[in-house]
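The values are calculated or read from the model by the stated rules, or taken from the named source; none is laboratory data. This one's a predicted model, so the numbers in the text were calculated from it and none came from an experiment. Glycine also receives a Cβ, built like all others from the backbone with ideal geometry; neighbour counts cover every protein chain displayed.
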Amino acid sequence: MQINEADKAFINGHFEVIKAPEVGGVPAQRLPAVIETVSTMLTDIEKNGIDAVIKYSQKLDGWAGNDIEISQAQLAKTGDELTPELREALAAGAERTRLFAVEQREHLTDFETEILPGVFAGQRYTPVPRVGAYLPAGQFPILASAFMTVGVAKAAGVPTVIACTPPTSPTGGHPAVLHAAYLSGVDRAFAVGGVQALAAMAFGLLGEQPADILVGAGNAYVTEAKRQLFGRVGIDLLAGPSEVAVIADETADPELVAADLLGQAEHGVLSPASLVTTNRTFGEEVIRHIEKQLETLATRNIAGPAWRDYGTVYVAEDRETAAEIMDMLAPEHLEIQTSDDAWYHDNLKNYGSIFLGPWSTVAYSDKGIAGTNHVLPTGRGAKSSAGLSVSRFLKPLTFQRVEKEATPRLANYVATISAFEGMEAHRATATLRLDRFNR
């Protein structure tokens, strides 16, 4: 997430770089070894079924249990292993994410319109039948993932949502991840991770028909599995390392901005963070605060290399240039902390989700407490697509209904176009109806 030489030709205003990345480039590169490994595993699992799933789970995750499914009774008890404070926080996150998704769903309305006399067209939203959600539980168990995937799918009206999460012991999954899935309304849950989990859901190896769409973040192998399975099933998006960018001016608090940049750099050593400011002194102050905070940050072994290798600070001559730079970066998460946040909100177009004002921070959404979805496009994907939402689980199915009296208004034009194209069968579908109408 940086401005390269080719980008500069499309930015009209002047800017300078006061913190460049030591590595930079595209951090989420597809490695040939990953592609080959995933391809081999998917072929094996498709051929050998659940036995291959168990084999990989035993080999890669140390699975030693009998049944990979976690029953509803077991799910209901997962909260017993958690503190009351964590249970309360998870319940709040699940409910707020659900409420926002329900509100989104209510704004997606079915309609029918008469586009000309006797010709009616419209659409209705129908949920996909089956969703497979992947819930990561690696170095950091991302507890809100279930809210964003399972919970939003259920809010969309999806009848069957199954979830897979890596085993964190020889006989079970992470209790907090599973409790979040339970609160989100998961229908069935399984302690199986990685490529084998996505394959099991896509190939229908878990006692359900194959999933219609796979959602949820994961490591490079999980992402590559989604890429290779796309077409056979739908997917949400191919997410790379988490990204954050901030537009801030001298009215912002440099300590807060520094903390927010490190808050996403903490996701992984490949996670880029970028500041665009209209004040050089402010930019330098943010850099100083980042260096100071890294001295005592418990995760400095992750956030430090991420900031060093992929962090950037740009100083733009004015707000128009700042907006141009940010639209070029098209970050996953974008914070605005300026004296004119509304102007930026009105003029920026490319971002996954935006956080307005100094009292907003990405972490509020990351943990599900602000209601919006944290499954968002990375790697400039925000230029063309949005993040996961209730609409991804709904199909806008169109329909047409033509009354007899409208036949001449359609058939004559279709016959003319079809004749020019040389598509005689198309022409006949129109002319036969026109003949019957004229009779």
When both residues are 6+ apart or on different chains and their Cβ atoms are under 8 Å apart, which pairs have a first residue that lies in region 407-424 and is more than 16 Å from G118 (Cα to Cα), and a second that is of a type in the set (A, V, I, L, M, F, W, C) and part of a helix (DSSP H, G or I)?
-> V414/A430; A415/A430; A415/L434; S418/A430
What are the residues in region 200-211 that are out of contact with any Gly (no Cβ under 6 Å at 6 or more places or on another chain) and either modelled with pLDDT of 95 or more or buried (at least 23 other Cβ atoms within 10 Å of the Cβ) (or both), if any?
-> A200, A202, F203, G204, L206, Q209
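Is one or more of the residues making up region 248-255 assigned to a strand (DSSP E or B) and closer than 30 Å to D340 by Cβ? So that I can check it myself, show each step before the final result.
Of region 248-255, the ones assigned to a strand (DSSP E or B) are 248.
Okay, now just the ones that are also closer than 30 Å to D340 by Cβ, so 248.
Yes, region 248-255 contains a residue that is assigned to a strand (DSSP E or B) and closer than 30 Å to D340 by Cβ.
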Would you say L135 is within 17 Å of S71 (Cα to Cα) and either under 18 Å from the mean Cα position of the chain (by Cα) or among the aromatic types (F, W, Y) (or both)?
-> yes
Across region 283-317, the tally of residues that are touching a strand residue (DSSP E or B) at 6+ places or on another chain (Cβ under 8 Å) and part of a helix (DSSP H, G or I) stands at 7
Qualifying residues in region 327-367 (those that are out of contact with any Asp or Glu (no Cβ under 7 Å at 6 or more places or on another chain) and farther than 28 Å from T149 by Cα) - the one surrounded by the fewest Cβ atoms within 10 Å (Cβ to Cβ) = D346
Got a number for residues in region 385-417 being at pLDDT 95 or above and either polar (S, T, N, Q) or in a strand (DSSP E or B) (or both)?
-> 14
Subset of region 66-116 (residues that are assigned to a helix (DSSP H, G or I), in contact with a Leu (Cβ under 8 Å, 6 or more places away or on another chain) and of a type in the set (A, V, I, L, M, F, W, C)) = L75, L90, A91, A94
Restricting attention to region 2-16, the residues that are surrounded by 13 or more Cβ atoms within 10 Å (Cβ to Cβ) and not in a helix (DSSP H, G or I) number exactly 5
Residue list for region 261-282, restricted to those being closer than 22 Å to G25 by Cα and part of a helix (DSSP H, G or I) | L261, L262, G263, Q264, A265
